[in-house]
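A.B. asks: First the structure, which I've put down as structure tokens, then a few questions once you've had a look.
The values are calculated or read from the model by the stated rules, or taken from the named source; none is laboratory data. Note that this is a predicted model, so its numbers are computed, not measured. Quick reminder, even Gly has a Cβ in these numbers, built from the backbone with ideal geometry, and neighbours come from all protein chains shown.
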Amino acid sequence: MNGYTSWPVRAVRQNSCLQTEDCAVLVPLLYDRETTEEQVLLEVRSAGLRRQPKEICFPGGHIEAADSSPWAAAMRETAEELGIDAAGIHYIGALDYVESPIGVRVYPFAARLDTRRWRPARAEVDHVFTIPLSFLQKQTPEIAYFQLQGRPLSPSLITMGVPENWRPRTTYEVKIFTYKNYKIWGITAQILDNFLGIRAIIQT
């Protein structure tokens, strides 16, 4: 066929309509000398935060332009949120990244903390707590389901015949871990489950 030539080679990029935000988090591991057990640390977000107040999460946040890598962002955010020296954070390995249906891409890393002298940034962190890994290894997370819905906000869409009311768009699976009075769910539970699975394979 005449008239068609191949384009030059180009880097393929994401063409996102969700304005996906890149984030990085840490799965911090601690060694309890009294119980001789490994523990994982989690945060309870401050009630004053605009997004997801009082929810449970791993330390982390947005990858900034000044961060040299997702790992650098996870380490920086963890040091800031826990009030510790970044030198006390030791890389273990990368986990599988998570694409959230709400437009967030999260790069998680496992790391060891060599201190328990944290001073949480109260504007972001209400408090922290730890869970023994032995407890998590014996627990099967509960499976629940979350539904996303869509509603047009622009008049131009409504005049095109798009329904004004909310309507179901997609349903996705949500894992839930329960520890004492804490419910760990959403992206945090997804990352925790992935960490436990990778760790079980590597340490067998």
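A.B. asks: Within the stretch 97-129, track down each residue that is β-branched (V, I, T), closer than 15 Å to Q52 by Cα and part of a strand (DSSP E or B).
C.D. replies: V104, V125
A.B. asks: Among what's in the stretch 1-53 and is among the polar types (S, T, N, Q) and surrounded by 14 or more Cβ atoms within 10 Å (Cβ to Cβ), pick the residue that is farthest from the chain's Cα centre (by Cα).
C.D. replies: Filtering first and then ranking leaves Q39.
A.B. asks: Also: Would you say P28 is closer than 28 Å to E173 by Cα and not in a loop (DSSP other than H, G, I, E, B)?
C.D. replies: yes
Residues are listed down the side, and each one gets a yes or a no for (1) out of contact with any Leu (no Cβ under 8 Å at 6 or more places or on another chain); (2) surrounded by 14 or more Cβ atoms within 10 Å (Cβ to Cβ); (3) hydroxyl-bearing (S, T, Y):
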| position | (1), (2), (3) |
| --- | --- |
| F109 | no, yes, no |
| T115 | yes, no, yes |
| R122 | yes, no, no |
| V125 | no, yes, no |
| F129 | no, yes, no |
| L136 | no, yes, no |
| E142 | yes, no, no |
| Q147 | yes, no, no |
| G150 | yes, no, no |
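A.B. asks: If E43 passes every condition in (1) in contact with a Gly (Cβ under 9 Å, 6 or more places away or on another chain); (2) of a type in the set (D, E, K, R); (3) assigned to a strand (DSSP E or B) but one, which one does it miss?
C.D. replies: (1)
A.B. asks: Could you give every pair whose Cβ atoms fall below 7 Å, whose first residue belongs to the stretch 122-142 and is farther than 19 Å from I84 by Cβ, and whose second residue is surrounded by 16 or more Cβ atoms within 10 Å (Cβ to Cβ) and basic (K, R), counting only separations of at least 6 or pairs across chains?
C.D. replies: Here the result reads P141/K175, each pair linking the stretch 122-142 to a residue that is surrounded by 16 or more Cβ atoms within 10 Å (Cβ to Cβ) and basic (K, R).
A.B. asks: If D67 passes every condition in (1) surrounded by fewer than 17 Cβ atoms within 10 Å (Cβ to Cβ); (2) over 15 Å from the mean Cα position of the chain (by Cα); (3) not in a helix (DSSP H, G or I); (4) not β-branched (V, I, T) but one, which one does it miss?
C.D. replies: (1)
A.B. asks: Being more than 10 Å from V27 (Cα to Cα) and not in a loop (DSSP other than H, G, I, E, B) is the filter here; which residues of the stretch 75-90 pass it?
C.D. replies: M75, R76, E77, A79, E80, E81, L82, A86, A87, G88, I89, H90
A.B. asks: Also: Based on what the data block shows, is T35 closer than 28 Å to I176 by Cα, at pLDDT 95 or above and not in a strand (DSSP E or B)?
C.D. replies: No; evaluated as a whole, the condition is false for this residue.
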